[in-house]
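Notes for the one structure printed next.
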Amino acid sequence: MSLIDLPIELQKRIGIELPDIASVHSLCGASRVLYQGLRDDELIYREQFLQLYDPPKEPPLSWKALYISRHHGLRSQNTEEFGPVALDMIRDAVGPSPPNLPHLLKRQDLVVREISNSKAFSEVQLLLAPLTELDELSDAELEFEEQEFGILNGSQWDGALTISANEVLWLTFIARRTVEFIKDQAEYFNPPFTWEQTVKPSLWKSPSRLEEVEVDEMPTKWLSCYLYGTTTVLSGDRSLATVDLTIEGNAFSGKGQDIQAFEMIHGKVSDPLNFGGIGGWRRVSWIKNYGGFSWDYHGVMFPGCRVIVGTWGRFSNTGGGFMLWAL
């Protein structure tokens, strides 16, 4: 019995088991019977889709249409096309290592470098920023100037009403540098931990991480890591800080432990700011007091109040960058 003589159910099962949709199309070219029976079959497109991606939150009207839009959107150089598709993939993603994530990180060329007025694309950039690899940075981004890094120090933040594109560039740059250090040094930290189990689940969240929330809704338990020097010089104490906050209106205090116990005093959180069509950004500052000495911390809390990135130092002298993420 030839393939075209098999019952249609078996023909479809063969189409489902093929490695990709291109193989299905090749099979369809073998005969008119197979073409008519398999070319537009929704069940085949559904199974082929689910071999590659997380299941969509809402069942699509057409699995074929969803497969095609996903295929083209992921390959598009147009941020207006890529952004909504990528954001849907983030919404669908489940768990710390979802099937959708590798597909998104393959487009680091677009996510890291492009600037767009698309709100969806801006959200994708922010959600993926800590996870993108630093070797994808352009030479221009790596040509670091201390003067430009200085835009992040606190003396220039007081009273600022907006978040600039240049600030967001350096904030995401610091976040990526910190993540690179954590991933590389995790086993040497005190105590040792794993990237997959400890840090990545906190950073890889659904778009709810970018929702505008009230300050009193921000988490009270955080992890923190800081780096010495500029963002191009990678060094640290191999110590995660565990932080507990007490929040009162737009003020906060806290306690933590890294290389030794510390207090967070004079903590302030600004009213919400807007950037890239996304609201809920907040400027944050505090003094980290070790008792005999202290450091000034100035950062930006990303929308959703789950990630804070910025710089630390004394007065106008920047000592390095830091990142906090909520547990």
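Miscellaneous remarks
- Residue satisfying condition, being surrounded by fewer than 16 Cβ atoms within 10 Å (Cβ to Cβ), at pLDDT 75 or above and of a type in the set (Asp, Glu), within set Asp244, Asp216: Asp244
- Lone qualifier among Ser202, Ser206, Ser235 - being of a type outside the set (D, E, K, R), at pLDDT below 80, surrounded by fewer than 17 Cβ atoms within 10 Å (Cβ to Cβ) and under 19 Å from Met301 (Cα atoms): Ser206
- Candidates Tyr297, Tyr290, filtered to the one that is over 20 Å from Ile174 (Cα atoms), at pLDDT 85 or above and not acidic (Asp, Glu): Tyr290
- Residues being in a strand (DSSP E or B), in contact (Cβ under 8 Å) with a residue 40 or more places away in the chain and not charged (D, E, K, R) - total across segment 276-291: 5
- Segment 73-95 residues that are not assigned by TED's automatic domain parsing to the domain that holds Leu128, paired with ones that are among the aliphatic types (A, V, I, L, M) and part of a loop (DSSP other than H, G, I, E, B) (beta carbon under 6 Å, 6 or more apart): none
- Among the residues making up segment 262-311, those that are under 13 Å from Ser224 (Cα atoms) and either polar (S, T, N, Q) or over 23 Å from the mean Cα position of the chain (by Cα) (or both) are Phe262, Met264, Lys288, Thr311.
- Meeting the requirement of 2 or more residues that are at pLDDT 60 or above, in contact with a Ser or Thr (Cβ under 8 Å, 6 or more places away or on another chain) and of a type outside the set (A, V, I, L, M, F, W, C), the helices (runs of 4 or more DSSP H) wholly within segment 91-198 are 108-113, 119-128, 165-185.
The values are calculated or read from the model by the stated rules, or taken from the named source; none is laboratory data. Keep in mind that this is a model prediction, so the values were computed, not measured. Positions of Cβ are generated from backbone atoms using ideal geometry, with glycine treated the same way; all protein chains shown enter the neighbour counts.
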